[in-house]
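See structure below.
Read-outs throughout are calculated quantities, based only on the coordinates presented, and are distinct from any laboratory measurement. Computed from a prediction, not measured in an experiment: that's the story for all the values here. Here the Cβ positions follow ideal geometry from the backbone for every residue, glycine too, while neighbour counts run over all protein chains shown.
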Amino acid sequence: SRPAMRLLRGPLLSFHHDPGDSDAPAEGSVFHDEDGAILIEGGLIRRVGHYAALAEDLPANIETIDYRGKLMMPGFIDTHVHYVQLDIMACWGRQLLDWLNDYTFPEECRFARQVHADVIAEAFLDESLRVGTTTAQVFCTSHPGSVDAFFTAARRRGLRMLAGKVLMDRHAPPELLDSPLGGLADSERLIADWHGRDRLGYTLTPRFAPTSTREQLDATGGVLASAPDLHLQTHLSENHGEVDWVAELFPESHDYLDVYERHGLVGPRSTFAHGIHLTQPMRQRLADAGANVAFCPTSNLFLGSGLFDRQACRQAGLTVSLASDVGGGTDLSPLGSLKAAYQVGQLLGQPLTAWQGFYQLTLGNARALRLDEHIGQLRPGGEADIVILDPDASPLLKRQNARCRNLAERLFALMMLGDDRAVHATWANGECVHQRLD
Ligand code: GUN
Ligand code: ZN
C-alpha cells in the first residue's frame, strides 16, 4: 500500500543557514510563512511552502491537520544527554566529581538489570518527545544491555538517534568497569547490531579521560580510524577539579584536549561536552578538527561548573551545539536550555538571540552532528521530524503572545516562558508521536 500522505497546515519556521548573533537575522537565513503547509509522504517531507500554493494540486482525500495558531518547526536536537540519569535529576549540593561518586555511579549500577534499562529507556523517550526533542546523542551506561534497551525503544518509535555504551575501565565502582579490550569488543558487537539500522547510529563513548586507561583510549581511537562514519562523544574541561585530575593522570599531555588528540579521538564527528575551561588555542584545535563542543547551560549552572564562552568559540570558528546534559542538566526541554543559555550569555555580555537559539536547536545542532542531510530543516526530501509549538500554551505565554508584535518577540517569549506545555504535538518519521492533551 502507498505510504500515507498528510498535509500539516499552519505557521512554519525553519532556517536555511546560521542567522548570526545580531538582533536581525542574516539575510536569507530565515524561512517563515504565517500560512504555511508541509506535505508529508511516508517518513519524508515532500513539499513545503505557502498553504494556498500547495493546496492547488493536492491528491484527493488527503488528510489535513490544522495547526493554524501554532508554530511548526523542525524537531529539536539534543547533542548530549544521559538517558540513564533520568532518575537522578535534581540531587542537591555537589560539583562534578562528588556528584559522579555520590549519585551518578550508584544510579548507573542499576542498569545491570535489563528490565530497569528497558523501563528508563521508554520513560526517557516519552519525556523527550513531550518536550519536542526528536533526535539526541545519548550516553548509556557501560552495560551493553543499556544500549540494546535504548535502541530497541527508539527504533520502535521510528526515531533518528545516536547512542553508545560508556567505556570506562578505571576510577569507578567495579560493577561499572569494563576492560580496555572487553569494552571495545562490546562496542563492536553493538555497532554490528545497531549502527545504520533504520535511523540509528552508533557513538563511541569513552566517558572522560579520568575513567579510561591509555590502552582504552588508544583502542577507541583505533576503532574510530577504521570506521570514520561512527560518532564519538566524551566530556572535556567541565570543572576545575576534573581538569586538575586529568593533568595529574596524564602528565605527558600538555593540556586536557591533548589527551584526546594523542589517542585519535578528535575528529569531525566528535562531540565534546562542556568545554568551559579552554584556552583559545584549544578552541582553535577543536575547530581545525571539525569537532563540536556541546554547551550544556542548565548542567553548568546546576553543577557550578562555570560559564561557557560561546562567543570565544564562535570567534575561533569552533562549532557550538546546545544540549541538556540531563541528569547533570535540570531540564530536558530544549526551551529550558535556551533560557539558561540566554542567562549565561547575559552574564558574559553575549545574550543569545531567539533567532540564534532556535537555529541552534534545529539546523545548528544537525550540522554539528553531521546529520543535516537528514534532519534540522523543513525542506523537501528532509525527514519528517516536526515540532508543533503553541505560543498560547500557558496563561503567561498567552498574555505575552497577545503583546508580541512580531515573530522575534514571540520566539523570545517561548524561550523564556516555554516548557513541555508549549509543545502541542511532535511528529517523527512522518507520524504523530506525541499529542498534548489539555
Ligand atoms: N563527566 C564524566 N561523566 C559525566 C557525567 O555523567 N555528567 C557530566 N555532566 N559530566 C561528566
Ligand atoms: Zn554529560
Item checked: 0 to 90° range, to nearest 10: angle between helix 114-130 axis and the chain longest Cα axis -> 40
Margin query: Just to confirm a number: summing +1 for Lys and Arg and -1 for Asp and Glu over residues other than Pro251 whose beta-carbon lies under 13 angstrom from that of Pro251, what do you get?
Written below: -3
Note to self: Counting each pair of different Cα atoms once, what's the Kirkwood radius of region 76-368 in Å, rounded to one decimal?
What the structure shows: 18.6
Checklist line | Separation of the Ala247 and Glu175 label points, Cα + 7 Å toward Cβ, nm | finding: 3.5
Notebook entry, point to check: For region 144-238, what log10 I(q)/I(0) values come out of the Debye formula at q = 0.23 1/Å, with one point per alpha carbon and no solvent?
Noted result: -1.18
Check: Thinking of region 334-438 as a set of Cα atoms, what percent of all their pairs are more than 23 Å apart?
Finding: 33
Margin query: With a cap of 13 neighbouring Cβ atoms within 10 Å, and only residues DSSP puts in a loop, list the chymotrypsin sites (Phe, Trp or Tyr not before Pro) found in region 41-107.
Written below: Trp92
Margin query: Given contacts defined as C-alpha pairs under 8 Å and at least six residues apart, what's the relative contact order of the chain, whole-number percent?
Written below: 20
Next item on the list: Run the numbers on region 209-337 and let me know its relative contact order in percent, using alpha-carbon pairs under 8 Å that are six or more apart.
Entry: 22
Margin query: Just to check I understand the Karplus step: with θ = phi - 60° and J = 6.51 cos²θ - 1.76 cosθ + 1.60, what whole-Hz values come out for region 47-53, glycine and proline as x?
Written below: 9, 9, x, 6, 4, 4, 5
Checklist line | Within the chain, longest stretch clear of exposed GluC sites (Glu not before Pro) (DSSP loop, no more than 16 other Cβ within 10 Å) | finding: 57-251
Margin query: Using only Cα atoms and rounding to the nearest 10 degrees, what angle (0 to 90) does helix 280-289 make with the longest principal axis of the chain?
Written below: 70
Notebook entry, point to check: For region 173-188, in order, what is each residue's ³J(HN,Hα) by Karplus, 6.51 cos²θ - 1.76 cosθ + 1.60 with θ = phi - 60°, in whole Hz (x at glycine and Pro)?
Noted result: x, x, 4, 9, 7, 9, 10, x, 8, x, x, 6, 5, 4, 5, 4
Next item on the list: Starting from the amide H of Thr319, placed 1.01 Å from N in the peptide plane, find each other amide H under 5 Å away whose residue is 5 or more places distant or on another chain.
Entry: Val293
Next item on the list: Quick one: which residues, 5 or more positions from Leu204 or on another chain, have an amide H under 5 Å from its amide H? H modelled 1.01 Å from N in the peptide plane, none for Pro or chain starts.
Entry: His231, Leu232, Gln233
Item checked: Summed residue charge, Cβ within 13 Å of Pro210's Cβ, Lys/Arg positive, Asp/Glu negative -> -2
Next item on the list: Output the antiparallel fraction of DSSP beta bridges having both residues in the chain, as a percent to the nearest 5.
Entry: 50
Notebook entry, point to check: Counting only residues 5 or more places away or on other chains, whose amide H sits under 5 Å from the amide H of Leu44 once H atoms are built in the peptide plane?
Noted result: Ala384
Note to self: Give me a comma-separated list of calculated 3J(HN,Hα) values for region 194-205, in order, Karplus coefficients 6.51, -1.76, 1.60 applied at θ = phi - 60°, integers in Hz, x for any Gly or Pro.
What the structure shows: 10, 5, x, 7, 6, 9, 9, x, 9, 10, 5, 9
Notebook entry, point to check: Within a Cβ distance under 11 Å of Ala153, other residues only, what is the Lys/Arg minus Asp/Glu net charge?
Noted result: -1
Item checked: region 317-438, relative contact order in percent, only Cα pairs under 8 angstrom and at least six apart counted -> 24
